[in-house]
1. Filter region 326-348 for residues that are within 16 Å of the ligand (Cβ to nearest atom) and crowded, with 24+ Cβ neighbours inside 10 Å and give the result.
2. Looking only at region 61-76, filter to residues that are more than 12 Å from the ligand (Cβ to nearest atom) and touching a helix residue (DSSP H, G or I) at 6+ places or on another chain (Cβ under 7 Å); which one of those is modelled with the lowest pLDDT?
3. Any idea which of (1) crowded, with 18+ Cβ neighbours inside 10 Å; (2) on the phi > 0 side of the Ramachandran plot is the one residue 310 doesn't satisfy?
4. Across region 298-313, what is the number of residues that are in a loop (DSSP other than H, G, I, E, B) and away from the ligand (no atom under 14 Å from the Cβ)?
5. Among the residues of region 243-255, which ones are under 17 Å from residue 176 (Cα atoms) and away from the ligand (no atom under 16 Å from the Cβ)?
6. Just checking, does region 93-109 include any residue being in a helix (DSSP H, G or I) and either at pLDDT below 95 or on the phi > 0 side of the Ramachandran plot (or both)?
7. Give me the residue from region 272-286 that is closer than 19 Å to residue 157 by Cβ and either near the ligand (Cβ under 10 Å from one of its atoms) or within 20 Å of the chain's Cα centre (by Cα) (or both) and, out of that set, surrounded by the most Cβ atoms within 10 Å (Cβ to Cβ).
8. Going through region 134-158 one residue at a time, which ones are near the ligand (Cβ under 9 Å from one of its atoms) and out of contact with any helix residue (DSSP H, G or I) (no Cβ under 8 Å at 6 or more places or on another chain)?
Ligand code: HAM
């Protein structure tokens, strides 16, 4: 039966296997959820405030989209994509990033015909079959934004400032904003030839992976974490030294804009970015508190991606924030005690359980947070639960109170307790 469902997949599963999340994929729950919700809420507010509209793309796309968009020889495409044939034998891929999908949507729906400049944001899961480690998952989440239709360093700077403001509102500090210019594809051609000549002379000293990159993806050699390779890169020519006039000017304006907005940045001539579509201004947000996976956001300009994906010549620029890494940084911050709110009903008899359901629905209908257990439980257990869930009030109801149409109201903040006539206006006034 399973073999029939999963055609072509190795039959590791059995009906008795203990089920758990796949390697590199995690459930997100409990105390962490408040941090995720805060990150999502603040990002939405900041992005919408700056004129970005939300777009929700499918998780699955035609494999060609990423092969053409990110680059056939790129490590993400060649080694890390979740790609498989669907039941119609089409090759489909779980999106490894959002930019290619946004551009696909831009072209598919002719957004350029509706507005001169398109500003979109998205949030959701991405999938890369990487070796999991701290800060690196196979399913991870990004909040991203893209500006299409304008080749201006002002747009590049706007995006960096937005990431900076989101990070600050999350309480993060002590991170570095690193910027670079990768020049245009035209400027890069002679540079790449130079770099190749330079690296080839040292080829035997590079690690196996870098030796492979020497043939397929030269610039990514700068990304190698191995110390001996990094040393070899130190003396290598950098793109910043050979930029054309326009790239230089754009990089200059980019920096001026960041300074004016109070974003402290460093120029890092070795940022090459992991995806092949980048040109001109690029950036990364890094924190040394994250370990080796130190970037919690990254992005840059991509002026040929729309054309590459079959659309009209349209420049673009964008960023993505890695949510897991931002949440990791938020977890390090001093905890602020969450305020208590809402009403918990502690019913002490079957009749009280039924009555409490009526009362709590009345409160919920009026927008007041209210909950109860579905049956009778000891008072001690119910108080413990109300406390754990951070409720402000507990309403205790037993047979006596039912007869008198009263409740015992306990304020968990002050410990104060009194018997009062039941009326839910009471809670509106108590807040
Ligand atoms: P990226 O640098 O590949 O860029 O990813 C952006 C961020 O996503 C990274 O800085 C990191 O925080 C997070 N990230 C990436 N891979 C993982 C992983 N395996 N586990 C946890 N977090 C991860 C992009 O994806 C581009 N689409 C950004 C962009 C938008 N460029 C232009 N527009």
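The values are calculated or read from the model by the stated rules, or taken from the named source; none is laboratory data. Bear in mind the structure is a predicted one, so any value in this text is a computation, not a measurement. Here the Cβ is made from the backbone with ideal geometry for all residues, glycine too, and neighbour counts use every protein chain on show.
1. 326
2. From region 61-76, those more than 12 Å from the ligand (Cβ to nearest atom) are 61-65, 67-68, 71-73; that's our starting set.
When the remaining residues are screened for being touching a helix residue (DSSP H, G or I) at 6+ places or on another chain (Cβ under 7 Å), the result is 61, 65, 67-68, 71, 73.
Details: 61: 98, 65: 97, 67: 94, 68: 94, 71: 86, 73: 81.
Top of the filtered list is 73.
3. Unmet for residue 310, out of (1) crowded, with 18+ Cβ neighbours inside 10 Å; (2) on the phi > 0 side of the Ramachandran plot: (1).
4. Filtering region 298-313 for residues in a loop (DSSP other than H, G, I, E, B) gives 302-304, 309-313.
If we keep only those that are away from the ligand (no atom under 14 Å from the Cβ) too, we end up with 310-313.
Residues flagged as in a loop (DSSP other than H, G, I, E, B) and away from the ligand (no atom under 14 Å from the Cβ) within region 298-313 amount to 4.
5. In the first step, residues of region 243-255 are kept if they are under 17 Å from residue 176 (Cα atoms); the result is 254-255.
255 - this is the single residue of region 243-255 that is under 17 Å from residue 176 (Cα atoms) and away from the ligand (no atom under 16 Å from the Cβ).
6. Of region 93-109, the ones in a helix (DSSP H, G or I) are 99-108.
Filter once more, so that each one left must be either at pLDDT below 95 or on the phi > 0 side of the Ramachandran plot (or both): none.
Within region 93-109, not a single residue is in a helix (DSSP H, G or I) and either at pLDDT below 95 or on the phi > 0 side of the Ramachandran plot (or both).
7. So the first thing to find is which residues in region 272-286 are closer than 19 Å to residue 157 by Cβ, and the list is 273, 278-286.
Those still in the list that are either near the ligand (Cβ under 10 Å from one of its atoms) or within 20 Å of the chain's Cα centre (by Cα) (or both) too: 273, 278, 282-286.
Numbers: 273: 21, 278: 26, 282: 25, 283: 28, 284: 22, 285: 26, 286: 20.
Only one residue tops the list, namely 283.
8. Of everything in region 134-158, those that are near the ligand (Cβ under 9 Å from one of its atoms) and out of contact with any helix residue (DSSP H, G or I) (no Cβ under 8 Å at 6 or more places or on another chain) turn out to be 136, 138, 139.
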